[in-house]
(Lines give C-alpha, C1' and ligand atoms only; values in the text may rest on other atoms or scores of the structure.)
Protein backbone atom coordinates (compact mmCIF):
# COMPACT_ATOMS: atom_id res chain seq x y z
CA UNK A 1 0.00 0.00 0.00
CA UNK A 2 2.82 2.44 0.92
CA UNK A 3 4.64 1.69 -2.34
CA UNK A 4 1.45 2.34 -4.30
CA UNK A 5 0.93 5.63 -2.45
CA UNK A 6 4.52 6.70 -3.17
CA UNK A 7 4.07 5.93 -6.86
CA UNK A 8 0.86 7.96 -6.91
CA UNK A 9 2.51 10.97 -5.24
CA UNK A 10 5.43 10.89 -7.67
CA UNK A 11 3.06 10.58 -10.62
CA UNK A 12 1.00 13.51 -9.30
CA UNK A 13 3.98 15.88 -9.15
CA UNK A 14 5.44 14.82 -12.48
CA UNK A 15 2.07 15.06 -14.19
CA UNK A 16 1.40 18.42 -12.55
CA UNK A 17 4.70 19.75 -13.85
CA UNK A 18 3.94 18.57 -17.38
CA UNK A 19 0.43 20.04 -17.33
CA UNK A 20 1.65 23.35 -15.88
CA UNK A 21 4.11 23.74 -18.76
CA UNK A 22 1.48 22.97 -21.37
CA UNK A 23 -1.20 25.33 -20.03
CA UNK A 24 -1.68 28.63 -21.87
CA UNK A 25 -0.44 31.56 -19.80
CA UNK A 26 -3.91 32.92 -18.98
CA UNK A 27 -5.21 29.52 -17.94
CA UNK A 28 -2.14 28.91 -15.76
CA UNK A 29 -2.75 32.28 -14.08
CA UNK A 30 -6.29 31.21 -13.15
CA UNK A 31 -5.15 28.12 -11.21
CA UNK A 32 -4.10 30.06 -8.07
CA UNK A 33 -7.46 31.89 -8.06
CA UNK A 34 -9.28 28.58 -8.14
CA UNK A 35 -6.96 27.10 -5.50
CA UNK A 36 -7.68 30.01 -3.15
CA UNK A 37 -11.37 29.09 -3.23
CA UNK A 38 -11.19 25.30 -3.23
CA UNK A 39 -8.16 24.23 -1.20
CA UNK A 40 -9.22 25.64 2.20
CA UNK A 41 -12.37 23.50 2.02
CA UNK A 42 -10.53 20.42 0.77
CA UNK A 43 -7.80 20.74 3.43
CA UNK A 44 -9.61 21.90 6.60
CA UNK A 45 -6.84 20.95 9.05
CA UNK A 46 -4.20 22.85 7.07
CA UNK A 47 -6.67 25.72 6.71
CA UNK A 48 -6.91 26.04 10.50
CA UNK A 49 -3.13 25.86 10.87
CA UNK A 50 -2.69 28.63 8.30
CA UNK A 51 -5.39 30.62 10.14
CA UNK A 52 -3.31 30.40 13.32
CA UNK A 53 -0.26 31.66 11.47
CA UNK A 54 -2.24 34.50 9.86
CA UNK A 55 -3.58 35.57 13.24
CA UNK A 56 -0.03 35.79 14.62
CA UNK A 57 1.07 38.00 11.74
CA UNK A 58 -2.02 40.14 11.34
CA UNK A 59 -2.91 40.61 15.01
CA UNK A 60 -5.91 40.09 17.27
CA UNK A 61 -7.60 43.26 16.04
CA UNK A 62 -8.12 41.87 12.52
CA UNK A 63 -11.58 40.45 11.81
CA UNK A 64 -12.23 36.77 11.13
CA UNK A 65 -13.37 37.71 7.63
CA UNK A 66 -10.00 39.31 6.88
CA UNK A 67 -8.18 36.29 8.28
CA UNK A 68 -10.32 33.97 6.16
CA UNK A 69 -9.54 36.01 3.05
CA UNK A 70 -5.80 35.92 3.77
CA UNK A 71 -5.92 32.16 4.36
CA UNK A 72 -7.47 31.64 0.93
CA UNK A 73 -4.87 33.91 -0.64
CA UNK A 74 -2.09 31.95 1.08
CA UNK A 75 -3.34 28.75 -0.54
CA UNK A 76 -3.53 30.60 -3.85
CA UNK A 77 0.02 31.86 -3.37
CA UNK A 78 1.20 28.32 -2.74
CA UNK A 79 -0.48 27.14 -5.95
CA UNK A 80 1.13 30.01 -7.86
CA UNK A 81 4.51 29.01 -6.44
CA UNK A 82 4.19 25.49 -7.86
CA UNK A 83 2.69 26.51 -11.21
CA UNK A 84 5.37 29.13 -11.69
CA UNK A 85 8.19 26.84 -10.58
CA UNK A 86 7.14 24.11 -12.99
CA UNK A 87 6.98 26.61 -15.86
CA UNK A 88 10.40 28.16 -15.14
CA UNK A 89 12.39 25.99 -17.57
CA UNK A 90 10.45 27.68 -20.40
CA UNK A 91 11.53 31.18 -19.37
CA UNK A 92 14.36 32.93 -21.18
CA UNK A 93 17.01 35.03 -19.50
CA UNK A 94 15.37 38.18 -20.85
CA UNK A 95 11.99 37.21 -19.34
CA UNK A 96 13.61 36.35 -16.02
CA UNK A 97 15.32 39.74 -15.93
CA UNK A 98 12.12 41.58 -16.87
CA UNK A 99 10.10 39.61 -14.34
CA UNK A 100 11.92 40.66 -11.18
CA UNK A 101 12.99 43.84 -9.43
CA UNK A 102 15.59 43.68 -6.65
CA UNK A 103 16.29 47.28 -5.58
CA UNK A 104 18.77 46.31 -2.85
CA UNK A 105 20.71 43.63 -4.71
CA UNK A 106 23.81 45.61 -3.83
CA UNK A 107 23.77 43.87 -0.44
CA UNK A 108 24.31 40.55 -2.24
CA UNK A 109 27.00 42.01 -4.49
CA UNK A 110 28.83 43.61 -1.57
CA UNK A 111 28.68 40.37 0.38
CA UNK A 112 30.24 38.45 -2.50
CA UNK A 113 32.95 41.07 -2.83
CA UNK A 114 34.13 40.10 0.67
CA UNK A 115 34.93 36.66 -0.70
CA UNK A 116 33.37 34.53 2.04
CA UNK A 117 30.02 33.72 0.53
CA UNK A 118 26.50 34.95 1.16
CA UNK A 119 23.67 33.29 3.07
CA UNK A 120 20.17 34.30 2.00
CA UNK A 121 17.81 33.48 4.89
CA UNK A 122 14.24 33.28 3.58
CA UNK A 123 10.73 32.55 4.83
CA UNK A 124 8.36 30.16 3.02
CA UNK A 125 6.88 33.05 1.10
CA UNK A 126 6.19 34.14 -2.46
CA UNK A 127 8.27 32.89 -5.39
CA UNK A 128 11.89 32.52 -4.37
CA UNK A 129 12.48 29.87 -7.05
CA UNK A 130 12.19 32.56 -9.75
CA UNK A 131 14.88 34.60 -8.00
CA UNK A 132 17.13 31.55 -7.69
CA UNK A 133 16.86 30.81 -11.41
CA UNK A 134 17.39 34.52 -12.16
CA UNK A 135 20.59 34.66 -10.10
CA UNK A 136 21.94 31.44 -11.60
CA UNK A 137 20.98 32.30 -15.19
CA UNK A 138 21.18 36.09 -15.46
CA UNK A 139 23.60 37.05 -12.70
CA UNK A 140 25.73 33.92 -13.31
CA UNK A 141 26.22 33.43 -9.58
CA UNK A 142 26.70 29.87 -8.26
CA UNK A 143 23.81 29.16 -5.91
CA UNK A 144 23.09 26.29 -3.53
CA UNK A 145 19.77 25.55 -1.87
CA UNK A 146 19.26 23.43 1.23
CA UNK A 147 16.03 21.45 1.00
CA UNK A 148 14.13 19.01 3.16
CA UNK A 149 14.40 15.42 1.85
CA UNK A 150 11.17 14.01 0.44
CA UNK A 151 9.67 10.57 0.38
CA UNK A 152 9.71 8.59 -1.79
CA UNK A 153 13.34 8.87 -2.86
CA UNK A 154 12.40 8.85 -6.56
CA UNK A 155 10.34 11.99 -6.03
CA UNK A 156 13.19 13.72 -4.23
CA UNK A 157 15.63 12.69 -6.97
CA UNK A 158 13.22 14.18 -9.53
CA UNK A 159 13.11 17.49 -7.65
CA UNK A 160 16.92 17.52 -7.36
CA UNK A 161 17.20 17.04 -11.12
CA UNK A 162 14.56 19.73 -11.74
CA UNK A 163 16.37 22.34 -9.61
CA UNK A 164 19.75 21.33 -11.01
CA UNK A 165 18.42 22.09 -14.48
CA UNK A 166 17.57 25.56 -13.16
CA UNK A 167 21.24 26.04 -12.28
CA UNK A 168 20.92 25.38 -8.54
CA UNK A 169 23.04 22.99 -6.49
CA UNK A 170 20.72 21.05 -4.17
CA UNK A 171 21.94 20.13 -0.68
CA UNK A 172 19.63 17.74 1.22
CA UNK A 173 19.01 18.69 4.84
CA UNK A 174 20.84 16.11 6.95
CA UNK A 175 24.09 15.27 8.78
CA UNK A 176 26.33 16.28 5.85
CA UNK A 177 24.48 19.50 4.99
CA UNK A 178 26.59 21.73 7.23
CA UNK A 179 29.87 20.65 5.65
CA UNK A 180 28.49 21.00 2.12
CA UNK A 181 27.15 24.48 2.85
CA UNK A 182 30.44 25.54 4.44
CA UNK A 183 32.28 24.31 1.34
CA UNK A 184 29.96 26.31 -0.94
CA UNK A 185 30.52 29.44 1.13
CA UNK A 186 34.28 28.86 1.05
CA UNK A 187 33.96 28.94 -2.75
CA UNK A 188 32.26 32.34 -2.32
CA UNK A 189 28.86 31.12 -3.48
CA UNK A 190 25.31 32.02 -2.47
CA UNK A 191 23.47 29.63 -0.18
CA UNK A 192 19.69 29.86 0.29
CA UNK A 193 18.29 28.67 3.62
CA UNK A 194 14.57 28.60 4.41
CA UNK A 195 14.80 29.82 7.98
CA UNK A 196 11.30 30.31 9.39
CA UNK A 197 10.73 26.68 10.43
CA UNK A 198 12.79 24.43 12.70
CA UNK A 199 12.44 21.24 10.65
CA UNK A 200 15.12 19.19 12.38
CA UNK A 201 14.21 20.22 15.92
CA UNK A 202 16.69 21.34 18.55
CA UNK A 203 16.77 24.89 17.24
CA UNK A 204 17.28 28.18 19.08
CA UNK A 205 14.56 29.60 21.32
CA UNK A 206 13.39 32.97 19.99
CA UNK A 207 10.37 35.21 20.01
CA UNK A 208 8.94 35.00 16.52
CA UNK A 209 5.84 36.99 15.58
CA UNK A 210 5.03 37.60 19.22
CA UNK A 211 5.28 34.02 20.51
CA UNK A 212 8.17 31.85 21.67
CA UNK A 213 9.28 29.03 19.41
CA UNK A 214 12.53 27.66 17.99
CA UNK A 215 14.17 28.53 14.70
CA UNK A 216 17.18 26.85 13.09
CA UNK A 217 20.51 28.04 14.40
CA UNK A 218 22.32 27.02 11.21
CA UNK A 219 22.33 30.42 9.48
CA UNK A 220 23.87 32.09 12.54
CA UNK A 221 26.41 29.34 13.22
CA UNK A 222 27.51 29.16 9.60
CA UNK A 223 27.93 32.94 9.44
CA UNK A 224 30.09 32.89 12.56
CA UNK A 225 32.25 30.00 11.40
CA UNK A 226 32.72 31.04 7.79
CA UNK A 227 32.45 34.81 7.88
CA UNK A 228 29.66 34.67 5.30
CA UNK A 229 27.32 37.66 4.99
CA UNK A 230 23.87 36.86 6.39
CA UNK A 231 21.03 38.58 4.52
CA UNK A 232 17.32 38.26 5.43
CA UNK A 233 15.57 38.01 2.07
CA UNK A 234 12.11 37.49 0.59
CA UNK A 235 10.71 37.34 -2.94
CA UNK A 236 7.15 38.60 -3.33
CA UNK A 237 4.61 37.98 -6.06
CA UNK A 238 3.36 41.19 -7.65
CA UNK A 239 -0.20 41.44 -9.04
CA UNK A 240 1.07 41.96 -12.59
CA UNK A 241 2.82 38.58 -12.61
CA UNK A 242 6.29 39.88 -11.82
CA UNK A 243 8.31 39.70 -8.61
CA UNK A 244 9.85 41.98 -6.01
CA UNK A 245 12.96 40.80 -4.22
CA UNK A 246 13.66 42.43 -0.88
CA UNK A 247 17.17 42.03 0.51
CA UNK A 248 17.57 43.46 3.99
CA UNK A 249 20.89 44.85 5.28
CA UNK A 250 23.35 42.30 6.68
CA UNK A 251 22.72 41.02 10.18
CA UNK A 252 25.54 41.79 12.59
CA UNK A 253 27.32 38.47 13.07
CA UNK A 254 30.23 39.86 15.09
CA UNK A 255 31.64 37.66 17.85
CA UNK A 256 30.68 39.21 21.19
CA UNK A 257 30.99 36.26 23.55
CA UNK A 258 30.51 32.51 23.68
CA UNK A 259 29.45 30.85 20.44
CA UNK A 260 26.14 29.70 21.95
CA UNK A 261 25.30 33.23 23.09
CA UNK A 262 26.22 34.72 19.72
CA UNK A 263 24.16 32.13 17.83
CA UNK A 264 21.20 32.88 20.09
CA UNK A 265 21.54 36.64 19.55
CA UNK A 266 21.92 36.39 15.79
CA UNK A 267 19.01 33.95 15.45
CA UNK A 268 16.84 36.29 17.51
CA UNK A 269 17.77 39.18 15.21
CA UNK A 270 16.99 37.00 12.20
CA UNK A 271 13.59 36.07 13.68
CA UNK A 272 12.75 39.77 13.95
CA UNK A 273 13.77 40.36 10.33
CA UNK A 274 11.79 37.36 9.08
CA UNK A 275 8.75 38.61 10.96
CA UNK A 276 9.16 41.97 9.25
CA UNK A 277 9.40 40.35 5.81
CA UNK A 278 6.37 38.13 6.40
CA UNK A 279 4.32 41.05 7.69
CA UNK A 280 4.78 42.84 4.36
CA UNK A 281 2.59 40.19 2.67
CA UNK A 282 1.17 37.64 5.12
CA UNK A 283 -1.19 36.32 2.45
CA UNK A 284 1.86 35.08 0.52
CA UNK A 285 3.25 33.13 3.47
CA UNK A 286 2.43 29.53 2.63
CA UNK A 287 3.64 27.80 5.78
CA UNK A 288 1.07 25.11 6.55
CA UNK A 289 2.84 23.05 9.21
CA UNK A 290 2.98 23.55 12.99
CA UNK A 291 5.62 26.13 13.80
CA UNK A 292 5.05 27.01 17.46
CA UNK A 293 4.64 24.72 20.49
CA UNK A 294 0.98 25.66 20.76
CA UNK A 295 0.43 24.51 17.17
CA UNK A 296 0.81 20.93 18.36
CA UNK A 297 -2.31 21.23 20.42
CA UNK A 298 -5.26 19.47 18.74
CA UNK A 299 -6.75 21.26 15.76
CA UNK A 300 -10.45 20.50 15.47
CA UNK A 301 -11.61 19.46 12.03
CA UNK A 302 -14.61 21.05 10.37
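Of note:
- Segment 160-176, subset free of Cβ contacts under 8 Å to residues at least 40 places away in the same chain and part of a helix (DSSP H, G or I), residue farthest from residue 191 (Cα to Cα): 161
Let's see how each residue does on (1) in a loop (DSSP other than H, G, I, E, B); (2) crowded, with 21+ Cβ neighbours inside 10 Å:
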site	(1), (2)
31	no, no
60	yes, no
68	no, no
76	no, yes
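- Restricting segment 106-124 to residues that are assigned to a loop (DSSP other than H, G, I, E, B) and more than 19 Å from the chain's Cα centre (by Cα), the residue that is surrounded by the fewest Cβ atoms within 10 Å (Cβ to Cβ): 115
Yes or no, residue by residue, for (1) touching a residue at least 40 places away in the same chain (Cβ under 8 Å); (2) within 17 Å of residue 177 (Cα to Cα); (3) crowded, with 23+ Cβ neighbours inside 10 Å:
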| site | (1), (2), (3) |
| --- | --- |
| 126 | yes, no, yes |
| 131 | yes, no, yes |
| 137 | yes, no, no |
| 150 | no, yes, no |
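- Among the residues of segment 180-209, those that are at pLDDT 95 or above and at positive phi comprise 188, 209.
- None of 172, 250, 216 is closer than 20 Å to residue 53 by Cα and surrounded by 14 or more Cβ atoms within 10 Å (Cβ to Cβ) except 216.
- Close pairs from segment 53-68: first modelled with pLDDT under 95, partner not in a helix (DSSP H, G or I), Cβ under 9 Å, at least 6 apart: 59/210
Here's the yes/no breakdown for (1) surrounded by fewer than 22 Cβ atoms within 10 Å (Cβ to Cβ); (2) closer than 16 Å to residue 198 by Cβ; (3) touching a helix residue (DSSP H, G or I) at 6+ places or on another chain (Cβ under 9 Å):
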residue: 221; (1), (2), (3): yes, yes, yes
residue: 224; (1), (2), (3): yes, no, yes
residue: 239; (1), (2), (3): yes, no, no
residue: 261; (1), (2), (3): yes, no, no
residue: 270; (1), (2), (3): no, yes, yes
residue: 277; (1), (2), (3): no, no, no
residue: 290; (1), (2), (3): yes, yes, yes
residue: 294; (1), (2), (3): yes, yes, yes
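- Among the residues of segment 236-249, at least one is over 30 Å from residue 25 (Cα atoms) and either touching a strand residue (DSSP E or B) at 6+ places or on another chain (Cβ under 8 Å) or in a loop (DSSP other than H, G, I, E, B) (or both).
- Here the condition is being under 22 Å from residue 286 (Cα atoms) and surrounded by 19 or more Cβ atoms within 10 Å (Cβ to Cβ); of 200, 195, it holds for 195 alone.
- Filter result for residue 268 (touching a residue at least 40 places away in the same chain (Cβ under 8 Å) and either under 17 Å from the mean Cα position of the chain (by Cα) or assigned to a helix (DSSP H, G or I) (or both)): yes
- Scope segment 250-286; condition closer than 16 Å to residue 126 by Cα and modelled with pLDDT under 95; matching residues: 286
- Enumeration of residues in segment 84-100 that are touching a helix residue (DSSP H, G or I) at 6+ places or on another chain (Cβ under 8 Å), assigned to a helix (DSSP H, G or I) and either within 15 Å of residue 238 (Cα to Cα) or modelled with pLDDT of 95 or more (or both): 84, 96, 97
- Counting the residues of segment 178-230 that are in a helix (DSSP H, G or I), within 20 Å of the chain's Cα centre (by Cα) and free of Cβ contacts under 8 Å to residues at least 40 places away in the same chain gives 1.
The values are calculated or read from the model by the stated rules, or taken from the named source; none is laboratory data. Fair warning: this is a prediction, and the values are worked out from it, not measured in the lab. No Cβ is skipped: glycine too gets one built from the backbone with ideal geometry, and neighbour counts run over all protein chains shown.
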